[in-house]
Amino acid sequence: MTAYDRAPAFLTIDVGAVVANWRLIRDRVGPGCEAAAVVKADCYGLGAERIVPGLAAAGCRTFFVATIDEGIAIRKVLPREVTVAILGGPLPGAAADLAEHALTPVLNSLDQIGLWAGYAAATGSRLKAALHLDTGMSRLGLDAPAVAMLAADPALLNGIDPILVMSHMACADETGHPKNRQQLTAFQTLSGQLGLPARRSLGASSTIFLGPDYHFDLVRPGAVLYGLNPTPDQANPMAAVVALHARILQVRDVDSPMTVGYGATHSVRGKGRVAVAALGYADGVFRSLGNSGFGVIEGERVPVVGRISMDLTTFDVSALAPEQARPGALIEIIGPHQAADDLAAQGGTIGYEVLTALGRRYLRTYQGEVV
Ligand SMILES: *Cc1c(COP(=O)(O)O)cnc(C)c1O
């Protein structure tokens, strides 16, 4: 029996589409601006070691990940001159690992600047870094008082070559949100105050679509590379990357009133058929999709009935012919009829969470890789 025969569910990842999406962003921002790639969380769950080489072959020269271990993993598939930046920055004791693997930390606080400058002094080296300014997220980054301190005492950066000054937007997916302009202005003011000879970067996926004012010297697209919609109130300009299909394990004919699944939350009243598919919340199908999501068989929507179990999901297939919904047949969960963003909306979350929650049990197939 082959892995294909055994597989309960199939995840197909189109690396060619990721690369096409990166090129679309690169062309959109034009030659004066570098298109980097955000490949944190294993390329949003899709497999960094398979996707990153494709992006590098297409010309991407700067990659962002969240953690040092993610950086070490992609460094293995990237030449040393390609920049790998660590968004979380250095934790105490981590500087040597960063340097060993040629990883560039994003420095988010005066403490992190102190750690990196201390390591530069201790080793007598000059070290590259990105500086992150907080312009309104109250998350990572130097706030206005910290920027003022740094501007007043440039010696804090002794031994550090700042290659990028960056910030991150809170509301960029809402085109008309007043916070967008406020953060843009704050970024211009704070980066001006620092006056460092570094390139500047403000834009992640949705920010890029706010227009050229927001592009600066480098953009940091993540979600768009994986086919998520950066402009939720408009049609998705990105190519689809992910397809997910699950097999039907069993089809139950119901001819007397009965309930489906844990908690007996769904009742079948008349005659009907329920298909049991081989994936559940352990595979990233959120429990919140119970009695609300749907799958697709041969173009026909089949509603989820009952709660999502760990390994199983039940669909009402009464409207389909028995030969369409039979054991072994496939139900589309993500694909041409239902984007990851649609599944997310149905489950009360965002496409980012759907992708990063995709489970480890799928038979994963990669298409369009560079060989
Ligand atoms: C995750 C992240 C990005 C990418 O965001 P997308 O919305 O997925 O494009 C860019 N910059 C920072 C600082 C991030 O944390």
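Within 11 Å of the ligand (Cβ to nearest atom) and in contact (Cβ under 8 Å) with a residue 60 or more places away in the chain - does that describe any residue in region 154-163?
no
Take A235 and decide whether it is assigned to a loop (DSSP other than H, G, I, E, B), out of contact with any Lys or Arg (no Cβ under 9 Å at 6 or more places or on another chain), away from the ligand (no atom under 16 Å from the Cβ) and outside the structural domain of L55 (by TED's automatic domain parsing).
Yes.
Here are the criteria: (1) of a type outside the set (K, R); (2) surrounded by 19 or more Cβ atoms within 10 Å (Cβ to Cβ); (3) in the same structural domain as S309 (by TED's automatic domain parsing). Tell me which single one G222 does not satisfy.
In the conditions (1) of a type outside the set (K, R); (2) surrounded by 19 or more Cβ atoms within 10 Å (Cβ to Cβ); (3) in the same structural domain as S309 (by TED's automatic domain parsing), G222 misses (3) alone.
Select the strands (runs of 3 or more DSSP E) contained entirely in region 69-144, then report the ones holding at least 3 residues which are surrounded by 14 or more Cβ atoms within 10 Å (Cβ to Cβ), outside the structural domain of P162 (by TED's automatic domain parsing) and within 16 Å of the ligand (Cβ to nearest atom).
Fully inside region 69-144 and qualifying: nothing.
Can you find a residue that is more than 12 Å from the ligand (Cβ to nearest atom), buried (at least 20 other Cβ atoms within 10 Å of the Cβ) and over 15 Å from C33 (Cβ atoms) anywhere in region 201-215?
No; the residues of region 201-215 include none that is more than 12 Å from the ligand (Cβ to nearest atom), buried (at least 20 other Cβ atoms within 10 Å of the Cβ) and over 15 Å from C33 (Cβ atoms).
Starting from residues that are under 11 Å from the mean Cα position of the chain (by Cα) and among the aliphatic types (A, V, I, L, M), keep the ones in region 21-47 and report whichever is nearest to the ligand (Cβ to nearest atom).
Out of the qualifying residues, it is V38.
I'm told E100 meets every condition in (1) without any contact (Cβ under 8 Å) to a residue 24 or more places away in the chain; (2) under 20 Å from the mean Cα position of the chain (by Cα) except one. Can you identify the failing condition by its number?
Against the list (1) without any contact (Cβ under 8 Å) to a residue 24 or more places away in the chain; (2) under 20 Å from the mean Cα position of the chain (by Cα), E100 comes up short only on (2).
Out of curiosity, is D5 acidic (D, E), in a helix (DSSP H, G or I) and within 19 Å of the chain's Cα centre (by Cα)?
no
Considering region 168-193 alone, what residues qualify as being within 16 Å of the ligand (Cβ to nearest atom) and in a helix (DSSP H, G or I)?
Residues satisfying the conditions are K179, N180, Q183, L184, A186, F187, L190, S191.
The values are calculated or read from the model by the stated rules, or taken from the named source; none is laboratory data. Computed from a predicted model, the values in this text were never measured in an experiment. Here Cβ is always computed from backbone atoms with ideal geometry, including for glycine, and neighbour counts include all displayed protein chains.
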